[in-house]
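Here the structure is laid out as structure tokens; the discussion comes afterwards.
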Amino acid sequence: MAQNSAQLKLIAHNRDGSRTQGHTFDLKQTVVENRLLGLWRMMTGFRRVYLGALLAVALGAAARTATYLLLQYVVDAILTQGQDLHRLPLFALGFVGLAALEGLFAYLRGNWAARTAEGITLRLRNYLYDHLQRLSFTYHDHAKTGELIQRATSDVDALRRFYADQAIGIGRIVALFAINFGMMLHMNARLAWLSIVVMPIVIIMSYFFFGKVSKAYERYQEQEGKVSTTLQENLSGVRVVRAFAQQNHEIAKFETDNWEQYRRGKRLLVMHSLYWPISDILCSAQTLLVMALGALMAIRGEITVGTFLAISGMVVWIVWPLRNLGRLIVQVSTGLVSYRRVADIIAEDREDIEAGDPALAEHRLQGNISFDHVGFAYTPAPPEEKEEDKKNGKAAAPAPPEPIQVLHDISFHVSPGQTIALLGSTGSGKTSVVNLLLRFYDYQQGRILLDGRELREYPRATLRRQIGIVEQEPFLFSRSIRENISYGVGREVSEAEIIEAAEAAAIHDVILTFPEGYDTIVGEKGVTLSGGQRQRVAIARTLLKNPRLLIMDDATSSVDTETEMQIEAALERLMENRTSFVIAHRIQTVMRADWILVLDKGRIVQQGTHADLIEEAGLYRKIYEIQAQIEAEVEKEVALVA
């Protein structure tokens, strides 16, 4: 249950690894309609530190204002009237002390704000990494990898900047305004009110840009996600691109997406470039107006020179920070957009891999399986809104797509230890059948019994621990061959066990030819290995897992005939006393199975043994005859060449 919970341990570790803080917090509590409330909740566990940073902001602002008050006293009382001249060095030390205090509070502000921002970011990244791995297969079918990466990196970094700079910056502006404006009111109310004449205009402008920039930034982030997806797909399929000489096509496609991102980014920058000149002119005029009137009042004797100097300093720390308020509001809008994009992922429900009958959690599967009129449909991803519709305000919530029926009325029985073969064309539903066994997806009609119990009663974790699968396109991590073979075993394995599994998969001798042997790094997705070598490493990984049920999804399609014979011999030993499913396109691969299911368009059109099916007219015999004819022609051509 713990690994399915949406709760995350918030544990800060010292460099020596000791725990200094620990409690649990469910990040789903941060998903609310009010984004500011969500950001406040995201600070859980760090609020005291962040409030300390805000307090340091206020004290730093007070230290700066005190500097101007001290300046006023020195000018009016000492320099003008000649009082306490002997104490002038002491007042000089006072200026130094206030500057030191201001620097100290600035350091504390930055340190505590950074600790909060980095702590929240660390927790959020860890949570998203964990959360994305626990979301359903349906979610990942619909989501784009590049978009998820962009949200987990760029958007999370935008939230880091929100806590580290933007929110604390707004707090600093508020503190500077409140303290300096309060003191100016005390010194001269007329100059104080004059110092904020244009502020309503600046704030209204900021509010206007806040709305515009927020929408523009959201569109920019969406396009950045598309560019990331295009780049990720191209890098993943670089061999296919080169094999089909599609570099120019892919470059053109990327340039189109990249140009659209440039266009949106340019529009965003144009908005900024319009705001700053206008605000600069207004704020400069405001500052000059206050200083000019203050100087005139000082000449007339209405205020002292010290008061004029103090007010001149204070007005700068009222006007210009408020001018920057507009910038911060614009930047905060990007943080709010990023919060919503991250919250959309957090809001998704996790796949509960422990849900089910607790009594079955440690059940040792026997492999007695019955499909009883099973039907399965999936819902495709909704279509994306067109950019033209968004611009014109015509975008409406698209109607949910209709489910597509993949499997129809599937019924068959498998006894423990039997080998069941699934044969059919691409898209016939073979892989969907075995995906239901692993509960990657849940069926909607009929029922599936495993060892006499409804499949839904089994925790997903129990099924996936005891079912081994070798896919048609195996995935290898960018790690050593040893680590890839031992991946997912769930226990410590010896070198002898790894070698034994590699020998059984006919890959041991190949591994020994590499300079680093079993320590050879295979590269991203196993790119340094051939297709057949990757397949055999994946088979070795499944052999080492020693599963109770075995699924081979066209596992020998990428190897030569000699290697296929070696692998099949190893698989026969592995399949002994285990229920096994073999998915294939070739008759030669399935003919030795105990029972064969022939699928077409999601339906079982034939089933039986090879001997039975070859005798009756139907799809199986048709496939057999076509493949036999192809093999005969190949043998004839080889003989002619020889």
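Could you go through region 289-311 and let me know if any residue there is out of contact with any Cys (no Cβ under 7 Å at 6 or more places or on another chain), of a type in the set (Phe, Trp, Tyr), within 19 Å of Thr67 (Cβ to Cβ) and touching a residue at least 60 places away in the same chain (Cβ under 8 Å).
Scanning region 289-311, I find no residue that is out of contact with any Cys (no Cβ under 7 Å at 6 or more places or on another chain), of a type in the set (Phe, Trp, Tyr), within 19 Å of Thr67 (Cβ to Cβ) and touching a residue at least 60 places away in the same chain (Cβ under 8 Å), so the answer is no.
From Ile467, Ile481, grab the single residue that is more than 29 Å from Glu354 (Cα to Cα) and open to solvent by less than 30 Å² (accessible area, probe 1.4 Å).
Numbers: Ile467 fails: more than 29 Å from Glu354 (Cα to Cα).
It is Ile481.
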Open item on the list: Testing Glu492 on (1) more than 30 Å from the chain's Cα centre (by Cα); (2) within 15 Å of Ala538 (Cα to Cα); (3) assigned to a loop (DSSP other than H, G, I, E, B); (4) not hydrophobic (A, V, I, L, M, F, W, C), one condition comes back false. Which one is that?
Closed with: (2)
Open item on the list: For region 246-266, give me the residue count where each residue is more than 27 Å from the chain's Cα centre (by Cα) and surrounded by 12 or more Cβ atoms within 10 Å (Cβ to Cβ).
Closed with: 2
Open item on the list: Out of the residues in region 40-88 meeting the condition of being outside any helix (DSSP H, G or I), open to solvent by less than 70 Å² (accessible area, probe 1.4 Å) and of a type outside the set (D, E, K, R), tell me which one is nearest to Ala298 (Cα to Cα).
Closed with: Gly82
TODO: Scan region 598-627 and report the pairs whose first residue is more than 13 Å from Ile587 (Cβ to Cβ) and open to solvent by less than 40 Å² (accessible area, probe 1.4 Å) and whose second residue is of a type in the set (D, E, K, R) and in a helix (DSSP H, G or I), with Cβ atoms within less than 9 Å and a gap of 6+ or a chain change.
DONE: Leu599/Lys430
Open item on the list: Consider region 443-464. How many of its residues are closer than 16 Å to Ala355 by Cβ, in contact (Cβ under 8 Å) with a residue 24 or more places away in the chain, open to solvent by 30 Å² or more (accessible area, probe 1.4 Å) and outside any helix (DSSP H, G or I)?
Closed with: 1
Open item on the list: Against the definition (crowded, with 17+ Cβ neighbours inside 10 Å and closer than 13 Å to Asn188 by Cα), how does Ile318 come out, yes or no?
Closed with: no
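How many residues does region 484-496 contain that are out of contact with any Ser or Thr (no Cβ under 6 Å at 6 or more places or on another chain) and open to solvent by less than 60 Å² (accessible area, probe 1.4 Å)? Full working, then the answer.
The initial filter retains those residues of region 484-496 that are out of contact with any Ser or Thr (no Cβ under 6 Å at 6 or more places or on another chain), namely 484-492, 494-496.
Restricting the remaining residues to those that are open to solvent by less than 60 Å² (accessible area, probe 1.4 Å) gives 484-486, 488-489, 494.
Of the residues in region 484-496, 6 are out of contact with any Ser or Thr (no Cβ under 6 Å at 6 or more places or on another chain) and open to solvent by less than 60 Å² (accessible area, probe 1.4 Å).
Quick one: which of Ile551, Ile539 is of a type in the set (Val, Ile, Thr), in contact with a strand residue (DSSP E or B) (Cβ under 8 Å, 6 or more places away or on another chain) and within 30 Å of Asp372 (Cα to Cα)?
Values: Ile539 fails: within 30 Å of Asp372 (Cα to Cα).
Among Ile551, Ile539, only Ile551 is of a type in the set (Val, Ile, Thr), in contact with a strand residue (DSSP E or B) (Cβ under 8 Å, 6 or more places away or on another chain) and within 30 Å of Asp372 (Cα to Cα).
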Open item on the list: I'd like to check something: does region 208-225 contain any residue that is open to solvent by 20 Å² or more (accessible area, probe 1.4 Å), at pLDDT below 80 and over 31 Å from the mean Cα position of the chain (by Cα)?
Closed with: yes
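Considering region 271-296 alone, what residues qualify as being of a type in the set (S, T, N, Q) and within 30 Å of Thr307 (Cα to Cα)?
First, the residues of region 271-296 that are of a type in the set (S, T, N, Q): 273, 279, 284, 286-287.
Within region 271-296, Ser279, Ser284, Gln286, Thr287 qualify.
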Open item on the list: Residue under question is Leu476, and the condition is that it be open to solvent by less than 20 Å² (accessible area, probe 1.4 Å) and within 30 Å of the chain's Cα centre (by Cα); does it hold?
Closed with: yes
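So that you can scan it fast, the table gives a plain yes or no per residue for (1) open to solvent by less than 40 Å² (accessible area, probe 1.4 Å); (2) in contact (Cβ under 8 Å) with a residue 60 or more places away in the chain; (3) farther than 30 Å from Leu436 by Cβ:
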site: Arg125; (1), (2), (3): no, no, yes
site: Glu147; (1), (2), (3): yes, yes, no
site: Ala175; (1), (2), (3): yes, yes, yes
site: Ser195; (1), (2), (3): yes, yes, yes
Task: Subset of region 565-592 that is of a type in the set (Val, Ile, Thr), assigned to a helix (DSSP H, G or I) and at pLDDT 75 or above - its residue that is nearest to Arg621 (Cα to Cα) - done: Ile587
Open item on the list: I'd like the full set of residues that are crowded, with 21+ Cβ neighbours inside 10 Å and within 17 Å of Ala569 (Cα to Cα), limited to region 588-597.
Closed with: Val590, Ala593
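If a residue has to be of a type in the set (Asp, Glu) and modelled with pLDDT of 85 or more to count, how many in region 250-265 make the cut? Even if it seems obvious, please write down each step before you answer.
Applying the first criterion (of a type in the set (Asp, Glu)) to region 250-265 yields 250, 255, 257, 260.
Filter once more, so that each one left must be modelled with pLDDT of 85 or more: none.
Of the residues in region 250-265, 0 are of a type in the set (Asp, Glu) and modelled with pLDDT of 85 or more.
Considering each of Leu37, Leu104, Leu98 in turn, give the residue that is within 29 Å of Met187 (Cβ to Cβ) and surrounded by fewer than 18 Cβ atoms within 10 Å (Cβ to Cβ).
Result: Leu104 is the single residue among Leu37, Leu104, Leu98 that is within 29 Å of Met187 (Cβ to Cβ) and surrounded by fewer than 18 Cβ atoms within 10 Å (Cβ to Cβ).
Could you look through region 107-123, keep only residues that are among the charged types (D, E, K, R) and buried (at least 17 other Cβ atoms within 10 Å of the Cβ), and pick out the one that is farthest from Val337 (Cα to Cα)? Walk me through how you get there before you give the answer.
The first filter runs over region 107-123 and keeps only residues among the charged types (D, E, K, R), leaving 109, 115, 118, 123.
Among the residues that remain, those that are also buried (at least 17 other Cβ atoms within 10 Å of the Cβ) are: 109, 115, 123.
Details: Arg109: 25, Arg115: 23, Arg123: 19 Å.
Result: Arg109.
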TODO: Filter region 134-169 down to residues that are more than 27 Å from Asp257 (Cα to Cα) and outside any helix (DSSP H, G or I), then give me how many there are.
DONE: 2
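The values are calculated or read from the model by the stated rules, or taken from the named source; none is laboratory data. Given the structure is predicted, the values throughout are model-derived calculations rather than measurements. Methodologically, a virtual Cβ is constructed for each residue, glycine included, from the backbone with ideal geometry; neighbour enumeration extends over all protein chains shown. With ligands, DNA and RNA removed, areas are computed over all heavy atoms of the protein, side chains included. Shrake-Rupley method; radii C 1.70, N 1.55, O 1.52, S 1.80 Å.
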